[in-house]
Amino acid sequence: MALPVHKWTMVIDLDKCTGCGACVVACHAENNVPVQTEREITRLRAMHWIRIERYWMGAYPDVQARFLPVQCQQCGNAPCEPVCPVYATNHSPTENLNLQTYNRCVGTRYCQNNDPYKVRFFNFFDPAFEDSFTNQLNPDVTVRTAGVMEKCTFCVQRIRRAEEDALAQGAALKDGDVIPACVQTCPPGALAFGDLNDPNSQVAALLKEQDQRTFRLLENLGTDPAIYYLKGGPSHA
Amino acid sequence: MADMHLLGLFNNVEAAADAIDRLHKQGVSDEKIVVLSGSPYKPEMLGRPHHHGKVGLASLGGAVLGVLLAAFLTAGIYLLYPLFQGGQPLIPIPPSLIVFFEVTMLGTMWTSFFAMLVLSGMPAFKAQPYDPRITEGHIGVQVTLDEKSGDQVEEAFKGAGTVEVKRETLAPVIDVKFRRFWGGVLGLLTIGAVISLLFFYDVLKIDFPTNMTEQFSYGYEQGPRLAAPDSSVPVQGPALIAGEPASLPVPSSPDSLQRGKTLFGYNCAMCHGVTGVGNGAVGAFFTPKPFDLTGSTVQGLQSDEVFVVISQGFGVMPPFAENLSPEERWDVINYVHSLKK
Amino acid sequence: MPEENASRPSPTERGLPYWEQPLPEDKELAAQESEAREDNLLLDVRSPADINRYMMDPMRRQSTRFWVLSVILAGGVFMWLTAWVYQMINGLGVTGLGRPVMWAVYIVNFVYFIGIGHAGTFISAALRVLKFEWRRPISRAAEIVTVFALSMAAVYPLIHLGRVWKFYWLLPYPNERQLWPSYHSPLVWDLTAILTYFSCSILFAYVSLIPDIAMMRDHTTGRWQAFYRIFALGWRGSEKEWANHETTQNVFSYGIIPVMFSVHTIVSWDFAMALQPGWHSTVFGPYFVVGALFSGSGAVIIALILLRSTMNLKYFLRSEHFNGMAMFMLILSLTWDYFYFNDYLAPWFGGAPVDRTLNILFERGAYAPFWYTMIICNTLVPALTLWSKKIRTNLTALFLVALLVNIGMYLERVIIVPLTLARNELPFSWGVYTLQAPETMITIGTFCFLFLAYIIFTRVFPIIPLWEVHEGQALHSLRKVGRYLLHLKSAE
């Protein structure tokens, strides 16, 4: 595999994350993710491409909360890819992205079983968007039907649009041209997104100066995720 | 001198072997003798030569075919459709070995089955000498010879202790129903294969619905919605077009009216009539008839509602988004306002 | 003429068929021969006409019980199809699946059905290769369990697909979409392996059936005879036909054994290839194969016991066969214990947090009832009972043991699939799987199909391979050694 042209990377600063969940809502809006009913959520079918995992630490009265925004880690050695029998998920070598092709998916759900982060979501029913909700749907993103797996794509539609705009203008992609919905919305600015191959990008700078705090999720599994977390300090509930 | 089959039935191995021995002594060659039994006996038990079948060899050929097919499937897929998955190399060796094994075994066994059928002459379309007692433990010795040797052979059989001797002339009845059935099966399979191939190569196309071509969302080119939801707050004022900055309508100047009149003549008059009352020549063919633009219904609409109707169409009226630029549409709207009675 | 006192003269030297042997004149030897005849099918020689009748009589008359059972089972099949259509229309949300338990009862059933299919192949192919003569009357009953169990196993990957109507994308057929299935995926290896195994099992069963279909052709009239004549392909039993038949059977026997091993290994690799804790174990290959043979032996024993009583096949199925199958089941139980202990020991010893969580869950947590039932049924029940020949030959007891073994092995797959998937490295994504009505209906319905297809088969084709019994009886004999009659077992 050739080296990627753009190595899309996200850096999540856990010190800044307040667990507000704005990124979750933004992702729903941007990617036409259906909102599940309460009943479906109790049946383990909550569908949030990015979710805030909240862990309690310590005992009363010294209880702390840790927030961990988890979305598809866009692994370099994605375990979810080689198990798909129909090539519905495969790797984009030029962008280091884990691609999901909705109309190819036949719904074997093996990718989710092999995904250690459990960030893939299956459409158990046809998504229901009530009347006026359809006005809010993003035309750049397909609405999936029942039987199809979906997951965070790093807002690949925004990546494509930025690339096409850059091509039309005859300029190269600059850092900050591509902003996924979650990054755009995060109030404290905990999420940063960019091209790690670009030495001047924000993410490259962040990783370089904050390398004491950097870690990746479940790194020992060898999945080579593209999302770096910066360790947070204590956050009291 | 016609040829015929003689079938001698024996109820024990000894007698059958004895009969064959006597036939040999009479000079009947081994190729003319066929032994029928309900369960397999070793050739040595009956004094018969070994039958060297080619099924084993065919199976080996089948194995080779399997290997080739597996090579085509694995290397073919990886080279034709170079898609990367999971950090694995483009041609992963261990999974390919699995496929090689399975497909080779498939080739071996299937080929041996069909080789068995072909080499044994099965399905046997010609009825051949037989007796149902063979499936009850009797052994049949069948000799093919000419008429005059028949008595001699029958003597040999009787001497060995036969249960019964049957004679059949060599022109066995063709089992028509049997042949028709299997011929039909083969025909159906061939037709099915051909039709399937035509489907695969899109010669026969069936447009069956795919899941995701119909989307609930509106594309950029589809413009703003026509019907606002009941609970929404109506937007008055500037019409908002996706992708373009919010713009004020073109003010109603004599220039605009003049342009509007020209454009109205080109685009609208054929249906709505030159005066806009709905009596255009083309409009007469439509149901319902085109609206009377001078009447209170249309004149009472907000400007941007009219803009949306012109852009997106309304019922039978086609959309004019491609024909008229937004400024031109405003010119037409200004002109239509001027038509008010 | 050899002496009367030395080796017993071959009856055929006197021109008698092999089924008309006189008893020896000596009373003691005659008693020995009677006893040997009682114990051994292949020594209890009757005329092939009689034996054919023993098989054909129960096929001809169907009791009311048979028809009532058929209607009930057909109702079960209808229930399955209805539930499946309902699920297809409404989406997989009608099941109990969710994140992270994305595979549940359907995959359990899939693995279970493939598992019980393995014993059939083992008996008809491996025991044939090893020249175990007691496999003669039971091989077809076992093989047909395989064929119908595999047919149901082949349906389950379709049932669990999110978009069933696009299942053909898993096949490499010429298309303009410019895409074929991915051989990186264990599911495609599954498809290849099961296709091979299923098609070759059907062909193998058919090849063995042809001489018996010829027999049915010779003993029926009218429409039934036309049916048998078509599928007998004009078989006469000539030397050429038998020689080619034997070569083909050899190719299939030797060939289908490695395929059988590979199939359940590949099914196990659906789990072993995943990073899921509890699945990512290198011992899964042989562990699953042994488990398959184990549960399959139980299923075959159940089938044989039911056949023997409902079709009155006491002549064919004797204690020697059940004894052999029960010993086989015991050996497999011990082997299964060995592999399960292997699979259990390594994560237990390593003590990784997620492995420890799983272990506690099964030993002391919510899923302990499943785990302990499985251990009791798979380990304790066979080990405590099958040592005794009395239990092995007592059909009621053996039936119970085989049933418990099957329950235990079904639970083993339940533990492996939905219960293990409920835990993983990130505790936020743990879940609980609850069984829903469509899954139950589909499970029961597929079992009904298996039973229904099986009992219909037993009425259409002879479930005992009669030509193999004839061959065995013609070639087995008793030889006098001193005051003892020795059973000569060579079938070579």
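Every number in this text was worked out from the coordinates using simple rules, so none of it is lab data. Please read all numbers here as calculations on a predicted model, not as lab measurements. We place every Cβ from the backbone using ideal geometry, glycine too, and count neighbours over all the protein chains shown.
Here chain C is treated with +1 on each Lys and Arg Cβ and -1 on each Asp and Glu Cβ, and its dipole about the Cα centre works out to around 920 debye.
Distant-in-sequence amide contacts of B:V163, defined by a placed amide H-H separation under 5 Å and a gap of 5 or more residues or a different chain, comprise B:L9, B:F10, B:N11.
Near the amide H of B:G278, within less than 5 Å, lie the amide hydrogens of B:G273, B:L293, all on another chain or at least 5 residues away, with H placed in the peptide plane. For chain B, relative contact order (Cα pairs under 8 Å, six or more residues apart, normalised by length) works out to 20 percent. A Förster radius of 22 Å, combined with the Cβ-Cβ distance separating C:I444 from C:W67, puts the computed FRET efficiency at roughly 0.60.
Computed 3J(HN,Hα) for the stretch C:114-127, one whole-Hz value per residue from the Karplus formula 6.51 cos²θ - 1.76 cosθ + 1.60 where θ = phi - 60°, is 5, x, 5, x, 5, 5, x, 5, 4, 5, 7, 9, 5, 5, glycine and proline marked x.
A cut-off under 13 angstrom between Cβ atoms defines the neighbours of C:S262, and their net charge, with Lys, Arg +1 and Asp, Glu -1, is -2.
With θ taken as phi - 60° and the Karplus curve 6.51 cos²θ - 1.76 cosθ + 1.60 applied, the whole-hertz 3J(HN,Hα) list for the stretch C:20-32 is 10, 7, x, 5, x, 6, 5, 5, 5, 5, 4, 4, 4 Hz, x standing for glycine and proline. When the charge dipole of chain A is built from unit charges on Cβ atoms (+1 for Lys and Arg, -1 for Asp and Glu) and taken about the Cα centre, the candidate among A:L221, A:Q210, A:I50 whose Cα reaches farthest toward its positive end is A:L221.
The Rg/Rh ratio of the stretch B:154-194, with Rg taken over Cα atoms and Rh as the Kirkwood radius over Cα pairs, comes to 1.43. Each Lys or Arg adds one and each Asp or Glu takes one away; over the other residues whose Cβ falls under 11 Å from the Cβ of C:I375, this sums to -3. Exposure proxy ranking for C:S253, C:S295, based on other Cβ atoms within 10 angstrom of each Cβ and starting from the fewest, stands as C:S253, C:S295. For B:K158, the aspartates and glutamates whose Cα comes closer than 14 Å to its Cα, not counting residues fewer than 8 places off in the same chain, are B:E14, B:D18, B:D21. When its C-alpha radius of gyration is set against 2.2 N^0.38 Å (N residues), the stretch C:42-488 gives a value of 1.04.
Here chain B yields Rg over Rh of 1.47, to two decimals, using C-alpha coordinates and the Kirkwood radius. Neighbouring Cβ atoms from other chains, within 10 Å of the Cβ of residues in B:77-84, number 6 on average. Across peptide C:163-171, the average count of Cβ atoms from other chains found within 10 Å of a residue's Cβ is 5.
Tell me the mean residue ellipticity at 222 nm calculated for chain A from its helices only (DSSP H runs of n ≥ 4, each -39500 (n - 2.57), averaged over every residue, nearest 500).
The helix contribution divided over chain A gives -5500 deg cm²/dmol.
Per-residue ellipticity at 222 nm from helix content only, as computed over chain C with -39500 (n - 2.57) for each DSSP H run of at least four residues, stands at -21500 deg cm²/dmol.
Inter-part distance, the stretch C:188-251 to the stretch B:10-55, computed on C-alpha centroids, equals 24 Å. Taking a straight Cα-Cα cut-off under 17 Å and skipping sequence neighbours fewer than 8 places away in the same chain, the aspartates and glutamates within cross-link reach of B:K148 are B:D3, B:E168.
From the helices alone, meaning DSSP H stretches of at least four residues, give me the mean residue ellipticity at 222 nm for chain B, per-run term -39500 (n - 2.57), in deg cm²/dmol to the nearest 500.
Taken over chain B, the calculation gives -14500 deg cm²/dmol.
The stretch between A:A22 and A:T214 holds 66.8 nm of extra length on full extension. This uses 0.36 nm per residue minus the Cα-Cα distance. Within the same chain, lysines fewer than 8 places from A:K208 are excluded, and of the rest, those with a Cα less than 26 Å from its Cα are A:K7, A:K16, A:K174, A:K231.
Restricting the trypsin sites (Lys or Arg not before Pro) of the stretch C:54-88 to loop positions (DSSP other than H, G, I, E, B) with no more than 10 neighbouring Cβ atoms within 10 Å leaves C:R61. What spacing in nm lies between the two simple spin-label points modelled at A:E38 and A:Q136, each 7 Å away from Cα in the Cβ direction? Output for this residue pair reads 1.9 nm. Electrostatic tally near C:E143: other residues with Cβ closer than 14 Å to its Cβ, Lys and Arg +1, Asp and Glu -1, net +2.
On the principal axes of its alpha carbon atoms, the stretch B:3-173 extends 80, 31, 28 Å, with the longest extent given first. I want to check the label-to-label distance for B:A127 and B:L60. Put each point 7 Å from Cα in the C-beta direction and report it in nm to one decimal. Rounded to a tenth, the inter-label distance reads 4.1 nm. Listed values for the stretch A:88-99 are Karplus-derived 3J(HN,Hα) couplings in whole Hz (6.51 cos²θ - 1.76 cosθ + 1.60, θ = phi - 60°), namely 6, 10, 8, 9, 8, x, 7, 10, 6, 10, 8, 8, and x replaces Gly and Pro. Taking all Cα pairs closer than 8 Å and separated by 6 or more residues, the relative contact order of the stretch C:42-488 comes to 31 percent. Loop-located trypsin sites (Lys or Arg not before Pro) across the stretch C:136-186 with a Cβ neighbour count of 12 or fewer within 10 Å are C:R177, with loop assigned by DSSP.
With Cα atoms defining each centre, the stretch C:96-116 and the stretch B:274-310 are spaced 62 Å apart in the structure. Listing C:L330, C:L398 from fewest to most neighbouring C-beta atoms within 10 Å gives C:L330, C:L398.
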